[in-house]
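Worksheet: one structure, shown below.
The values are calculated or read from the model by the stated rules, or taken from the named source; none is laboratory data. Computed from a predicted model, the values in this text were never measured in an experiment. We place every Cβ from the backbone using ideal geometry, glycine too, and count neighbours over all the protein chains shown.
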Amino acid sequence: MSENYTVTVLGLGAMGLPMATRLASKLTVHGFDIAEPRLRLAATAGVQTFASARAAADGADALLLAVRNGEQLHEVLFGANGVASAMTRGSVVILTSTVGTEAIPETVARLAEYGVELVDAPLSGGPVRAGEGDLLIVVGATPDARKQAAPVLELLASTLSIVGDKPGDGQALKTVNQLLCGVHIAAAAEALALADAMGLDKAKTLAALEAGAAGSFMLSNRGPRILDAYSEDGAEVLSRLDIFVKDMGIVGKAARAAGLAAPVAAAAEQLYLLGQAQGLAAADDSAVIKVVAPTQRHAG
């Protein structure tokens, strides 16, 4: 790794800023965000900030990109102010978002016109783990593109899983990952709602479940936040509920395209959709318990 390597981070939000900060410990980092306060925070963390995305992308060896969906991906890269035409030939776009496989072939083809490759690298973790370089990143990309992106990926990931040699392979594995995550969160919420309905102490129930065969990462990670869902301010928002509306939609679409029944995933998706319809879109995804049980029956 060398400070001669430059990576541009577009979007300096909850994940983008800690990733940029982590990368700035070893690399030259360019950053852009539409929010001036985020630019100031990034500058304090050693990130060179710019007035536009195109200016930030100019001359970079890699562009780290987190977007909401395929439409936003295409707008950022190829829209009226798209950054693809400002990138250097031989550089790479590192896509860290879950957007599904459908958007990938066109993105790869259009980037190739500029001599740029796509590294399909959706990640899992959170802001704290991003700042510590403790993310899980699954990668689909050509060997050459992976080599070009290596300084970035190796700084951000504690677990780096190469799942295939073509973009889209990372999205496919992340889709499978999100099926399990979405179902586990919904199941954890349903279980703790049942515990409450049966008069059990939810905190003690959670501790007992974590210690047994029913335990899982998602139960331990979301469980405490599920218990906070009924508080006045709700749980701290670390992962918005509407993210799982999007992701479970991607899961359902992938399953239908494969001709595969996914009834458990479909049931979980309905819970997130109901939560969104009930005004919980911006709440933490642990608030899905309030779809199952709008009010808790017992305090604690």
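Points to keep in mind about this one:
- SER158, sole failed condition from (1) more than 14 Å from the chain's Cα centre (by Cα); (2) assigned to a strand (DSSP E or B); (3) within 30 Å of ALA267 (Cα to Cα); (4) not acidic (Asp, Glu): (3)
- From ALA103, ALA86, residue being of a type in the set (A, V, I, L, M) and farther than 27 Å from VAL251 by Cβ: ALA86
- Output for the range 276-300, where each listed residue is surrounded by 17 or more Cβ atoms within 10 Å (Cβ to Cβ), farther than 15 Å from VAL183 by Cβ and not aliphatic (A, V, I, L, M): GLN276, ASP284, LYS290, GLN296
- Filtered residue count, the range 18-57, keeping only those that are assigned to a helix (DSSP H, G or I) and either free of Cβ contacts under 8 Å to residues at least 60 places away in the same chain or on the phi > 0 side of the Ramachandran plot (or both): 16
- Within the span defined as the range 205-223, every residue fails to be of a type in the set (A, V, I, L, M, F, W, C) and either assigned by TED's automatic domain parsing to the domain that holds ILE137 or touching a residue at least 60 places away in the same chain (Cβ under 8 Å) (or both).
- Residue match in the range 14-21 (condition: more than 19 Å from the chain's Cα centre (by Cα), of a type outside the set (A, V, I, L, M, F, W, C) and assigned by TED's automatic domain parsing to the domain that holds SER97): no
- Residue in the range 32-50 that is among the acidic types (Asp, Glu), outside the structural domain of VAL245 (by TED's automatic domain parsing) and more than 28 Å from ILE162 (Cα to Cα) present: yes
- Filtered residue count, the range 94-150, keeping only those that are under 20 Å from the mean Cα position of the chain (by Cα) and closer than 22 Å to VAL83 by Cβ: 25
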